[in-house]
Amino acid sequence: RKVPRRIQRFVDGSIQERPLATLRDPPLLIAQDDAYDHLSDEAKEQLGELLRQAEENIDRRDYAGAIAAYQQASQIDPENPRIYSGIGYLQIQQANYQAAIAAYRQAIDLDPRNVPFRYGLAFSLVSSGSLQEATAVYQELIRMAPAEADAYLGLGGIFIQQEDYAGALETYEQL
């Protein structure tokens, strides 16, 4: 089964293109800033410790341990979409695409305009074989951010998988 060669990833507040081969690189998910003013000092400290544990687990390639730390972090800060995005990313590392889909959907519910979260969702959907849903996500990405060439490439790739070469050509011609 073919999958897109590239995905977008949220890294330190910017979009960075990564080949699929480098998906093992740990994501930088949380920046300590004004976004955490709603948390008590104790909660910030607990959150920081959990995020450090998650990073250590990622460095050891203990993705299950990192996910567990992020899930605990989500109990402290349930409105933080980057935590759910991080869980989705780590679920992809383990080929748990249904869990990644659920996590990315939570992130998108909290931050509906975040383009990289939608790329993670689209990738997870394609990887799980949910091509119709992935098509809808790529089409939404194109509506949201018409200059995102990778959205057209992803959508065209789905059309090729479905042997809809006319649809792929039409999509690629929009680039």
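Tabulated results
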item: Cross-chain or 6+ apart pairs with Cβ under 8 Å, the range 106-117 first and over 17 Å from Tyr138 (Cα atoms), then open to solvent by less than 50 Å² (accessible area, probe 1.4 Å) and of a type in the set (S, T, N, Q); result: Leu110/Asn80
item: Ala107 within 22 Å of Ile160 (Cβ to Cβ) and either open to solvent by 50 Å² or more (accessible area, probe 1.4 Å) or not polar (S, T, N, Q) (or both); result: no
item: Near pairs, Cβ below 9 angstrom, 6+ apart or cross-chain, from the range 155-170 (closer than 15 Å to Leu125 by Cα) to any residue that is open to solvent by 60 Å² or more (accessible area, probe 1.4 Å) and among the small types (Gly, Ala, Ser); result: Phe159/Ala166
item: Failed item in (1) surrounded by fewer than 18 Cβ atoms within 10 Å (Cβ to Cβ); (2) within 27 Å of Tyr172 (Cα to Cα), with Asn114 passing the rest; result: (1)
item: Selection status of Ala64, at negative phi, of a type in the set (Gly, Ala, Ser) and modelled with pLDDT of 95 or more; result: yes
item: Count of residues meeting criterion [within 20 Å of Phe117 (Cα to Cα), open to solvent by 30 Å² or more (accessible area, probe 1.4 Å) and of a type in the set (S, T, N, Q)] in the range 37-74; result: 1
item: Options Gly120, Gly157: the member that is over 14 Å from the mean Cα position of the chain (by Cα), open to solvent by less than 60 Å² (accessible area, probe 1.4 Å) and small (Gly, Ala, Ser); result: Gly157
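The values are calculated or read from the model by the stated rules, or taken from the named source; none is laboratory data. As the structure is a computational prediction, the values presented were derived from the model and not from experiment. With ideal geometry, Cβ positions are generated from the backbone for all residues, glycine too; neighbour counts draw on all protein chains shown. Heavy atoms of the whole protein, side chains included, go into the accessibility calculation; ligands, DNA and RNA do not. Shrake-Rupley method; radii C 1.70, N 1.55, O 1.52, S 1.80 Å.
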